[in-house]
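See below for the structure under consideration.
The values are calculated or read from the model by the stated rules, or taken from the named source; none is laboratory data. If you're wondering where the values come from, they're calculated on a predicted model, not measured in any experiment. No Cβ is skipped: glycine too gets one built from the backbone with ideal geometry, and neighbour counts run over all protein chains shown. Only protein heavy atoms, including side chains, enter the accessible area calculation; ligands, DNA and RNA are left aside. Shrake-Rupley method; radii C 1.70, N 1.55, O 1.52, S 1.80 Å.
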Amino acid sequence: DGTEPSHMHYENDENYFRGYEWWLMKEAKKRNPKIKLIGLPWTFPAWVGKGENWPYDYPDVTAYYIVSWILGAKQYHDLDIDYIGIWNERAFSSKYIKLLRYTLDKHDLQQVRIIASDRLWEPISFVLLLDSELHGAVDVIGAHYPGTKTVPNALLTKKKLWSSEDYSTFNDEVGAGCWARILNQNYVNGNMTATIAWNLVASYYEELPFGRCGLMTAQEPWSGHYRVEAPIWITAHTTQFTQPGWSYLQVDGHLEGGGSFVALTDGLGNLTIIIETMTHNHSQCIRPPLPHFSVTPQRATFYLKGSFYMVETLQVWHSRLGFESGNSSLFQQLHPVKVQKGSFSLDLNTDEVYTLTTLKTGQKCGCPEPPPPHPFPSSYKDDFNIRNPPFSEAPNFADQTGVFEYFINGSDPGDHVFTLRQVVVQRPITWASDADQTISLIGNFQWVNITITCDIYIEKQRDGGVFIAGRVDNGGIYVRRTKGVFFWVFADGTYRVTGDLAGEEILMKGLSGVRDNMWHTLTLNIQGTSASGLLNGYPLWENVTISKPSNGWAAIGTRSFEFAQFDNFHVE
C-alpha cells in the first residue's frame, strides 16, 4: 500500500526525520515503554545494489545502510531497535546475515537481535542446522502467515519461533475471530511466542489493496474520524495482561470441545490464561486456507499446580463475537472466578474469548466519540507553503511509487519557493512490482467529474516528463496496471493524454511548447465521457472521449524516476 521514504535516498544522504515511523515508534513507547521495536526492509534504495535489483551483491553496503538506520534511531530519537530483519518475503543471504551480525557488534549493538527470514520456515531452518556460524548470528526464526503450524527443522534449531507477519484480514468480526484464533493457536499448534499483525492501523485509502486490513481504522485524516474495531479488543485480551518477557507455560492448550487456551507468567507469581472458542466460518483469515474443524459449547475445568496452587481468585475479561445476531460484547469485565483447591470450571460457548488473570490492571477506555465521518473535501488546495512541516510529506497524498517531499527552492525568489518534489531518481531494489513511473494519489475514489490544476516543473532535460491525472483506479501492489485519465507534458515540448499510467493507451498527443526548468500550469477537466486539458490557462486539447474507469482518485507523478516539482495543487 504505497511507498515510504528512506533515511538514505542517495549514497551521500542521511536524514532521520522523514516519514511517519519515527513519530509512530515514539508514540508506541509513550504508551508502553516495554514495547519491542523491529526493523524490516521491504525495499532498498538503488544505490545499495549499485544498479542491480539485488541487495546482496555488496553486503557491506547493505549492512552499512541498515546499521545507519539503527544508529540514527538512537542518536536522533533515543529509540532502541530490538530486532532487525533481512528482506521481507524475499531470499536471504547467509553471507549477508553473518556480515550484518559482525557489523552490529562492531558498532556496539550486540543487544540488537537478528530475525530471519520473514518468509517461510524453510529453507532458513534447514540452513541454520547446517551452518553453525549462521546459527550463532540469528536469534529468531520469523515466518509469515504460518497457518498456526511450524516444521520439524524449525523446532530442532531451538530458536525462538515467531509468526513475524500475520492477520492481514478485513477488520470486521470475522477478522477479529481470525486474530483471536491465531494469537492463541500460533503457540498451541506451532510453538510461536510472538505474533505480529499486518497492519497496525488502516490509515490509507480503503480502495487500495487490502483496504481495512488493520487492527483498527483511521482512514479520514481530513475529518478526524476513526473506528476502534473488534480486533483491537481481541488484542487487549492478550496485551493488557502480559508483556514482552513473559513466558508461555508448556501445556497442551487444545480444548476437548474445540478451541484453545494459553497460559503465561511473568515468573513473579502472576498468571494470565487466554481462552478462545472461535468456530471455523467465523475465524477465517485472508491466508492460508483454513482446514475444517468443529467447536461445540463445553464445560472446561482448569487445574493450577505448583506455585499457582495458592491463587484464590482470577479477574475475568470476556468477549463474545455476535456475527448473525449482531450483538457482540467486547472486552467486558465479569465477576472474578474463585479458585478452589487449585481448580475452577467455566462454561464456554462458541466464538468467545476469556482472559483469566491475577492482574487487576485491565481497562476499557471511555474514550470520547470521534468526529463523524466525511468524504474527502470536494474542493481541495495545497500550496505546500509550510516553513517547518511536522512531517516530510504533504498530508493526504499517498505515494504509490516514488517519494514526494516538501522542498525549499533556494534559487527561486518567486512564487515557487515552497514546493512538493519527487526525489527518488533510480528505480529501487523493489519488493512489489513498482511502476516505472512515480505516482502519488489523493482524494476520493468515488470522484467522477473533476477538475485538477497544478503548477509543474520538469527538472530532467530532454526526456523528463510529468503528469496530472483523474479517475485513477489503482495503487499499491497493483500500481503497474493503474488506469485513469493521464495528462502528460514532456521536456521535449510534446504532450500526451493516456488511459493508463504505463502510457501505452494513447488517447491524444501533440506539441505543447513545455520546456524543462520552467514553471507551467496544467489543468485537466473530466466531465462525463469527455476530457480536456489546458496549459497555462489556454486550451491545449479537448473532446477526448473517456470510456473507463468511471471514477477514481486524482494523482500527480513523473514519467520516470526523476526530480520534478509540483505546486499550487487544486482539485474541484
* Accessible area per residue, Å², segment 380-571 with all protein chains present, probe 1.4 Å -> 40 Å²
* To do: Using a 1.4 Å probe over the heavy atoms of the protein chains, calculate the carbon and sulfur portion of the accessible area of segment 73-218 as a whole percent.
  => 55 percent
* **Whole-number accessible area per residue in Å² for segment 223-374, which is evaluated in the context of all protein chains at 1.4 Å** => 53 Å²
* Structure fact -> Around E89 (Cβ within 10 Å, Cβ-to-Cβ, excluding E89; K/R +1, D/E -1) the net charge comes to 0
* Candidate residues I97, I232: accessible-area rank, largest first, probe 1.4 Å -> I232, I97
* Asked: How would you classify segment 223-374 from its alpha-carbon gyration tensor, with a ≥ b ≥ c the square roots of the eigenvalues: rounded for a/c under 1.5, else prolate if a/b is greater than b/c, otherwise oblate?
  -> oblate
* For K36, go through the aspartates and glutamates and keep the ones whose alpha-carbon is under 20 Å away, minus same-chain ones fewer than eight residues off. => E21, E27, D78, D80, D82, D105, D108, D118, D139, E165, D166, D266
* Asked: Please state the Cα pair-distance histogram of segment 293-440 with 10 angstrom bins from zero: what percent is in each bin?
  -> 8, 20, 17, 12, 16, 16, 8, 2, 0
* To do: Give me the net charge of S163's neighbourhood, meaning all other residues with Cβ under 14 Å from the Cβ of S163; Lys, Arg count +1, Asp, Glu -1.
  => +2
* Keeping all protein chains in position, work out how much accessible area I35 exposes to a 1.4 Å probe, and write it in Å² to the nearest 10. => 60 Å²
* If you roll a 1.4 Å probe over segment 444-572 with all protein chains in place, what percent of the accessible area is carbon or sulfur? -> 48 percent
* Structure fact -> Inter-part gap, Cα centre of segment 531-572 to Cα centre of segment 138-184, in whole angstrom, is 44 Å
* **Anisotropy class of the chain from Cα gyration tensor, a/c 1.5 cut** => prolate
* To do: Would you please classify the overall shape of segment 380-571 from the alpha carbon gyration tensor, given that a ≥ b ≥ c denote the square roots of the eigenvalues, rounded means a/c under 1.5, and beyond that prolate means a/b larger than b/c while oblate covers the rest?
  => rounded
* Rg followed by Dmax, in Å, when segment 82-191 is reduced to its Cα trace -> 14.9, 48
* Structure fact -> Expressed as a whole-number percentage, the relative contact order of segment 132-268 with C-alpha contacts under 8 angstrom and at least six residues apart is 20 percent
* To do: Give the accessible area for M8 in Å² (nearest 10); use a 1.4 Å probe, count only protein heavy atoms, and leave out ligands, DNA and RNA.
  => 0 Å²
* Structure fact -> If the chain between R481 and E11 were fully extended at 0.36 nm per residue, the gain over the current Cα-Cα distance would be 166.1 nm
* In nm, spacing of pseudo-spin labels at E206 and N409 (7 Å Cα→C-beta vector) -> 3.8 nm
* Asked: Given R₀ = 35 Å, FRET efficiency for A218-Y64 by Cβ-Cβ distance, to 0.05?
  -> 0.50
* Structure fact -> Once phi for every residue in segment 414-431 is put through the Karplus expression 6.51 cos²θ - 1.76 cosθ + 1.60 (θ = phi - 60°), the whole-Hz ³J(HN,Hα) values, with Gly and Pro written as x, are x, 7, 10, 6, 9, 9, 10, 10, 7, 10, 8, 10, 9, 4, x, 6, 7, 9
* Asked: Suppose every K and R has +1 on its Cβ and every D and E has -1 on its Cβ; what is the size of the dipole of segment 20-158 about the Cα centre, in Debye to the nearest 20?
  -> 400 debye
* **Computed over the chain: relative contact order in percent, which uses C-alpha pairs under 8 Å that are six or more apart** => 12 percent
